[in-house]
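The values are calculated or read from the model by the stated rules, or taken from the named source; none is laboratory data. Predicted model, so just to flag it, every value in this text is computed and none were measured. As a convention, Cβ positions derive from the backbone with ideal geometry for all residues, glycine included, and neighbour counts pool all protein chains shown.
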Amino acid sequence: MARIVAGLGAPHSPGLPSTVTKNPAFVENALYGELRRHIEEVKADVVLMFSNDHFNTFFLDNFPLFAVGVAEQTSGPNDQTPMPQYQIPVHEGLAAHIHRTGVQNGFDLTLSQEFTVDHAFAVPWHFIAPHGKVAMVPIFVNCFSNPLPQARRAHDLGRMIGSAIRTYPEPLRVAVFASGSFSLEIGGPQIPPNERSGVPDRKWVDRIVHLLRTHGINDLIEEATSEQMTRAGNAGGELLNWIAMLGVIGAQIPISLEPQPHGHAFGVWRWE
(Lines give C-alpha, C1' and ligand atoms only; values in the text may rest on other atoms or scores of the structure.)
Protein backbone atom coordinates (compact mmCIF):
# COMPACT_ATOMS: atom_id res chain seq x y z
CA MET A 1 0.00 0.00 0.00
CA ALA A 2 1.06 3.60 -0.56
CA ARG A 3 2.18 5.69 2.41
CA ILE A 4 2.01 9.41 3.18
CA VAL A 5 5.48 10.38 4.38
CA ALA A 6 5.48 14.17 4.72
CA GLY A 7 3.51 17.37 4.32
CA LEU A 8 5.00 20.57 2.97
CA GLY A 9 3.86 24.08 2.15
CA ALA A 10 5.37 26.99 0.23
CA PRO A 11 4.49 29.96 -1.99
CA HIS A 12 4.56 29.94 -5.77
CA SER A 13 5.52 33.55 -6.47
CA PRO A 14 6.30 33.77 -10.21
CA GLY A 15 9.27 36.07 -9.69
CA LEU A 16 11.16 33.65 -7.43
CA PRO A 17 13.07 31.63 -10.06
CA SER A 18 14.52 34.72 -11.77
CA THR A 19 15.20 36.43 -8.43
CA VAL A 20 17.15 33.42 -7.21
CA THR A 21 19.06 33.20 -10.50
CA LYS A 22 20.27 36.77 -9.94
CA ASN A 23 20.82 36.32 -6.21
CA PRO A 24 21.34 32.68 -5.07
CA ALA A 25 21.65 33.90 -1.46
CA PHE A 26 18.01 35.03 -1.48
CA VAL A 27 16.41 33.67 1.70
CA GLU A 28 13.55 31.90 -0.06
CA ASN A 29 16.02 29.89 -2.12
CA ALA A 30 17.41 28.44 1.11
CA LEU A 31 13.91 27.74 2.41
CA TYR A 32 12.96 25.92 -0.77
CA GLY A 33 16.24 24.04 -0.49
CA GLU A 34 15.14 22.81 2.91
CA LEU A 35 11.87 21.52 1.47
CA ARG A 36 13.75 19.67 -1.26
CA ARG A 37 16.05 18.15 1.37
CA HIS A 38 13.05 16.82 3.29
CA ILE A 39 11.52 15.35 0.12
CA GLU A 40 14.81 13.58 -0.57
CA GLU A 41 15.15 12.36 3.03
CA VAL A 42 11.69 10.76 3.08
CA LYS A 43 12.51 9.13 -0.30
CA ALA A 44 9.30 10.35 -1.88
CA ASP A 45 8.25 8.67 -5.11
CA VAL A 46 5.38 11.09 -5.69
CA VAL A 47 4.63 14.69 -4.75
CA LEU A 48 0.89 15.23 -4.61
CA MET A 49 0.52 18.98 -5.05
CA PHE A 50 -2.49 21.11 -4.15
CA SER A 51 -2.36 24.35 -6.07
CA ASN A 52 -4.51 26.65 -8.16
CA ASP A 53 -4.73 27.94 -11.68
CA HIS A 54 -4.65 31.64 -12.62
CA PHE A 55 -6.87 31.39 -15.74
CA ASN A 56 -4.10 29.74 -17.75
CA THR A 57 -5.15 26.07 -17.63
CA PHE A 58 -8.86 26.73 -17.06
CA PHE A 59 -11.02 29.81 -17.67
CA LEU A 60 -14.40 31.09 -16.53
CA ASP A 61 -16.24 29.05 -19.16
CA ASN A 62 -14.85 25.88 -17.54
CA PHE A 63 -13.44 26.53 -14.07
CA PRO A 64 -13.85 23.53 -11.74
CA LEU A 65 -13.86 23.80 -7.96
CA PHE A 66 -11.63 20.71 -7.72
CA ALA A 67 -9.84 18.86 -10.51
CA VAL A 68 -7.32 16.03 -10.84
CA GLY A 69 -4.76 15.86 -13.63
CA VAL A 70 -4.63 12.29 -14.95
CA ALA A 71 -1.95 11.82 -17.61
CA GLU A 72 1.51 10.35 -18.15
CA GLN A 73 3.05 13.81 -17.98
CA THR A 74 2.34 17.52 -18.11
CA SER A 75 4.42 20.60 -18.83
CA GLY A 76 4.82 24.14 -17.62
CA PRO A 77 4.74 26.93 -16.98
CA ASN A 78 2.07 27.74 -19.57
CA ASP A 79 2.18 31.46 -18.77
CA GLN A 80 4.98 33.99 -19.22
CA THR A 81 6.78 33.20 -15.97
CA PRO A 82 10.53 33.75 -16.54
CA MET A 83 11.86 30.29 -15.72
CA PRO A 84 12.80 27.05 -17.51
CA GLN A 85 10.13 24.93 -19.17
CA TYR A 86 9.67 21.51 -17.57
CA GLN A 87 8.25 18.21 -18.72
CA ILE A 88 6.74 16.97 -15.47
CA PRO A 89 6.03 13.25 -15.00
CA VAL A 90 2.60 12.50 -13.54
CA HIS A 91 1.78 9.31 -11.64
CA GLU A 92 -1.22 8.47 -13.78
CA GLY A 93 -2.22 5.39 -11.78
CA LEU A 94 -2.43 7.17 -8.43
CA ALA A 95 -4.14 10.19 -10.00
CA ALA A 96 -6.81 7.97 -11.60
CA HIS A 97 -7.30 6.12 -8.31
CA ILE A 98 -7.85 9.41 -6.48
CA HIS A 99 -10.39 10.52 -9.09
CA ARG A 100 -12.26 7.22 -8.89
CA THR A 101 -12.23 7.21 -5.08
CA GLY A 102 -13.42 10.80 -4.98
CA VAL A 103 -16.41 10.11 -7.21
CA GLN A 104 -17.28 7.02 -5.15
CA ASN A 105 -17.23 9.21 -2.02
CA GLY A 106 -19.43 12.01 -3.31
CA PHE A 107 -16.82 14.41 -4.72
CA ASP A 108 -17.69 15.50 -8.26
CA LEU A 109 -14.04 15.80 -9.21
CA THR A 110 -13.22 17.11 -12.66
CA LEU A 111 -10.78 14.88 -14.54
CA SER A 112 -8.38 16.52 -16.98
CA GLN A 113 -6.30 14.32 -19.29
CA GLU A 114 -4.86 17.01 -21.58
CA PHE A 115 -3.55 19.93 -19.57
CA THR A 116 -0.53 22.05 -18.80
CA VAL A 117 0.21 23.95 -15.60
CA ASP A 118 1.10 27.55 -14.81
CA HIS A 119 3.55 28.94 -12.27
CA ALA A 120 1.44 27.76 -9.32
CA PHE A 121 2.70 24.22 -9.95
CA ALA A 122 5.83 24.93 -11.99
CA VAL A 123 7.58 27.29 -9.55
CA PRO A 124 7.56 24.80 -6.64
CA TRP A 125 8.59 22.03 -9.04
CA HIS A 126 11.51 24.16 -10.24
CA PHE A 127 12.89 24.26 -6.70
CA ILE A 128 12.02 20.86 -5.26
CA ALA A 129 12.36 18.24 -7.99
CA PRO A 130 13.73 19.37 -11.36
CA HIS A 131 16.39 16.67 -11.65
CA GLY A 132 14.93 13.83 -9.63
CA LYS A 133 12.77 10.84 -10.49
CA VAL A 134 9.81 12.08 -8.48
CA ALA A 135 6.39 12.18 -10.15
CA MET A 136 3.62 14.67 -9.49
CA VAL A 137 -0.10 14.27 -8.93
CA PRO A 138 -1.63 17.73 -9.56
CA ILE A 139 -4.78 18.62 -7.64
CA PHE A 140 -6.36 21.90 -8.78
CA VAL A 141 -8.33 23.88 -6.19
CA ASN A 142 -10.31 26.95 -7.20
CA CYS A 143 -8.75 29.62 -5.00
CA PHE A 144 -9.23 32.52 -7.41
CA SER A 145 -12.75 32.77 -8.79
CA ASN A 146 -15.78 33.39 -6.55
CA PRO A 147 -17.61 31.54 -5.21
CA LEU A 148 -14.71 29.72 -3.57
CA PRO A 149 -15.07 26.24 -2.10
CA GLN A 150 -15.82 26.18 1.61
CA ALA A 151 -12.80 25.57 3.81
CA ARG A 152 -14.53 22.55 5.35
CA ARG A 153 -15.05 21.05 1.90
CA ALA A 154 -11.39 21.60 1.01
CA HIS A 155 -10.37 19.85 4.23
CA ASP A 156 -12.78 16.99 3.51
CA LEU A 157 -11.26 16.71 0.03
CA GLY A 158 -7.86 16.27 1.65
CA ARG A 159 -9.18 13.62 4.02
CA MET A 160 -10.67 11.71 1.11
CA ILE A 161 -7.43 11.93 -0.85
CA GLY A 162 -5.51 10.70 2.20
CA SER A 163 -7.74 7.63 2.34
CA ALA A 164 -7.33 7.09 -1.39
CA ILE A 165 -3.54 7.20 -1.12
CA ARG A 166 -3.55 4.67 1.72
CA THR A 167 -5.63 2.23 -0.33
CA TYR A 168 -3.51 2.47 -3.48
CA PRO A 169 -1.93 -0.98 -3.93
CA GLU A 170 1.58 0.06 -5.01
CA PRO A 171 4.21 0.69 -2.27
CA LEU A 172 4.59 4.39 -3.09
CA ARG A 173 5.96 7.02 -0.72
CA VAL A 174 3.87 10.16 -1.15
CA ALA A 175 4.79 13.66 0.00
CA VAL A 176 1.87 16.10 0.07
CA PHE A 177 2.57 19.68 -0.97
CA ALA A 178 0.45 22.84 -0.61
CA SER A 179 1.36 25.86 -2.70
CA GLY A 180 0.02 29.37 -2.13
CA SER A 181 -0.15 32.53 -0.06
CA PHE A 182 -2.20 33.46 3.00
CA SER A 183 -2.71 37.16 2.20
CA LEU A 184 -1.95 38.55 -1.24
CA GLU A 185 -3.51 41.13 -3.54
CA ILE A 186 -2.29 41.22 -7.15
CA GLY A 187 -3.05 44.31 -9.21
CA GLY A 188 -6.22 45.07 -7.25
CA PRO A 189 -7.57 47.88 -5.08
CA GLN A 190 -5.96 46.59 -1.87
CA ILE A 191 -2.35 47.23 -2.91
CA PRO A 192 -0.18 50.23 -1.96
CA PRO A 193 0.18 53.04 -4.52
CA ASN A 194 2.65 52.34 -7.34
CA GLU A 195 2.98 48.67 -6.37
CA ARG A 196 1.94 45.54 -8.31
CA SER A 197 1.02 43.48 -5.25
CA GLY A 198 0.58 43.77 -1.51
CA VAL A 199 -0.36 42.02 1.73
CA PRO A 200 -3.74 43.41 2.84
CA ASP A 201 -4.14 41.50 6.14
CA ARG A 202 -0.94 40.80 8.06
CA LYS A 203 -2.89 40.04 11.24
CA TRP A 204 -4.64 37.21 9.39
CA VAL A 205 -1.26 35.82 8.33
CA ASP A 206 -0.14 35.87 11.98
CA ARG A 207 -3.36 34.14 13.02
CA ILE A 208 -2.94 31.39 10.40
CA VAL A 209 0.66 30.78 11.46
CA HIS A 210 -0.39 30.51 15.11
CA LEU A 211 -3.16 28.02 14.29
CA LEU A 212 -0.83 25.93 12.14
CA ARG A 213 1.78 25.80 14.91
CA THR A 214 -0.77 24.76 17.53
CA HIS A 215 -2.79 22.44 15.28
CA GLY A 216 -5.84 24.68 15.58
CA ILE A 217 -7.23 23.22 12.38
CA ASN A 218 -10.89 23.34 13.38
CA ASP A 219 -10.54 27.01 14.32
CA LEU A 220 -8.76 27.70 11.04
CA ILE A 221 -11.55 26.03 9.07
CA GLU A 222 -14.21 28.01 10.93
CA GLU A 223 -12.38 31.33 10.53
CA ALA A 224 -11.37 30.85 6.86
CA THR A 225 -14.65 32.11 5.46
CA SER A 226 -14.95 33.44 1.91
CA GLU A 227 -15.34 36.93 3.36
CA GLN A 228 -12.14 36.62 5.40
CA MET A 229 -10.13 35.20 2.54
CA THR A 230 -11.39 38.01 0.27
CA ARG A 231 -10.28 40.59 2.85
CA ALA A 232 -6.87 38.92 2.69
CA GLY A 233 -6.61 39.72 -1.03
CA ASN A 234 -7.72 38.47 -4.40
CA ALA A 235 -5.29 35.53 -3.96
CA GLY A 236 -6.18 35.01 -0.29
CA GLY A 237 -8.13 31.89 -1.21
CA GLU A 238 -4.83 30.07 -1.77
CA LEU A 239 -5.06 29.20 1.92
CA LEU A 240 -7.47 26.47 0.76
CA ASN A 241 -4.52 24.55 -0.72
CA TRP A 242 -2.93 24.40 2.73
CA ILE A 243 -6.21 23.38 4.37
CA ALA A 244 -6.61 20.53 1.85
CA MET A 245 -3.04 19.37 2.54
CA LEU A 246 -3.79 19.35 6.28
CA GLY A 247 -6.78 17.13 5.58
CA VAL A 248 -4.45 14.58 4.00
CA ILE A 249 -1.80 14.47 6.71
CA GLY A 250 -4.13 14.54 9.73
CA ALA A 251 -3.27 15.56 13.30
CA GLN A 252 0.34 16.66 12.92
CA ILE A 253 2.32 19.62 14.27
CA PRO A 254 4.83 21.22 11.87
CA ILE A 255 8.48 20.61 12.66
CA SER A 256 9.27 23.84 10.85
CA LEU A 257 7.13 26.85 9.92
CA GLU A 258 8.80 29.98 8.57
CA PRO A 259 6.48 32.92 7.80
CA GLN A 260 7.80 35.55 5.38
CA PRO A 261 6.93 39.26 5.07
CA HIS A 262 5.23 38.73 1.70
CA GLY A 263 2.11 37.06 3.12
CA HIS A 264 3.21 33.46 2.81
CA ALA A 265 5.20 30.81 4.67
CA PHE A 266 7.30 27.67 4.28
CA GLY A 267 6.27 24.66 6.36
CA VAL A 268 7.30 21.05 6.94
CA TRP A 269 5.33 18.27 8.64
CA ARG A 270 7.18 15.01 9.28
CA TRP A 271 6.50 12.15 11.67
CA GLU A 272 8.94 9.38 10.73
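Observations, loosely collected:
- Selection within region 65-87 - in contact with a strand residue (DSSP E or B) (Cβ under 9 Å, 6 or more places away or on another chain), surrounded by 13 or more Cβ atoms within 10 Å (Cβ to Cβ) and assigned to a loop (DSSP other than H, G, I, E, B): Leu65, Val70, Ala71, Pro77
- Complete set of residues in region 17-51 that are touching a His at 6+ places or on another chain (Cβ under 8 Å) and assigned to a helix (DSSP H, G or I): Pro17
- Yes/no for Ala251 being among the hydrophobic types (A, V, I, L, M, F, W, C) and part of a strand (DSSP E or B): no
- Test for Arg100: is it over 17 Å from the mean Cα position of the chain (by Cα), outside any loop (DSSP other than H, G, I, E, B) and under 21 Å from Ala244 (Cβ atoms): yes
- Looking across Leu60, Leu94, one residue alone is more than 17 Å from the chain's Cα centre (by Cα), of a type outside the set (D, E, K, R) and closer than 21 Å to Gly247 by Cα. It is Leu94.
- Of all the criteria given as (1) farther than 20 Å from Ser181 by Cβ; (2) touching an Asp or Glu at 6+ places or on another chain (Cβ under 7 Å), the one not satisfied by His119 is (1).
- Residue check, Val5 in a strand (DSSP E or B), more than 16 Å from the chain's Cα centre (by Cα) and aliphatic (A, V, I, L, M): yes
- Scanning region 242-272 for residues that are of a type in the set (Phe, Trp, Tyr) and touching an Asp or Glu at 6+ places or on another chain (Cβ under 8 Å) yields a count of 1.
- The set of residues in region 231-266 being small (Gly, Ala, Ser) and out of contact with any His (no Cβ under 7 Å at 6 or more places or on another chain) consists of Ala232, Gly233, Ala235, Gly236, Gly237, Gly250, Ser256, Gly263, Ala265.
Okay, residues lined up against (1) among the aliphatic types (A, V, I, L, M); (2) touching a strand residue (DSSP E or B) at 6+ places or on another chain (Cβ under 7 Å); (3) more than 18 Å from Leu240 (Cβ to Cβ):
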| position | (1), (2), (3) |
| --- | --- |
| Thr19 | no, no, yes |
| Ala25 | yes, no, yes |
| Asn29 | no, no, yes |
| Gly33 | no, no, yes |
| Arg36 | no, no, yes |
| Asp45 | no, yes, yes |
| Ser51 | no, yes, no |
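- Test result for Phe55, within 26 Å of Asp156 (Cα to Cα), of a type in the set (Phe, Trp, Tyr), assigned to a loop (DSSP other than H, G, I, E, B) and touching a residue at least 60 places away in the same chain (Cβ under 8 Å): yes
- Residues that are small (Gly, Ala, Ser) and modelled with pLDDT of 95 or more were ranked within region 134-170; the one that is farthest from Leu220 (Cα to Cα) is Ala135.
- Among residues of region 117-128 that are over 12 Å from Ala10 (Cβ atoms) and in contact (Cβ under 8 Å) with a residue 40 or more places away in the chain, none has a Cβ under 8 angstrom from a residue that is of a type in the set (Phe, Trp, Tyr) and assigned to a loop (DSSP other than H, G, I, E, B) at a sequence gap of 6+ or on a separate chain.
- Residues in region 248-272 that are out of contact with any Pro (no Cβ under 6 Å at 6 or more places or on another chain) and either acidic (Asp, Glu) or surrounded by 24 or more Cβ atoms within 10 Å (Cβ to Cβ) (or both): Val248, Glu258, Gly263, Glu272.
- Just one of the listed residues (Ser179, Ser226, Ser183) is touching a Phe, Trp or Tyr at 6+ places or on another chain (Cβ under 6 Å) and hydroxyl-bearing (Ser, Thr, Tyr), and it is Ser183.
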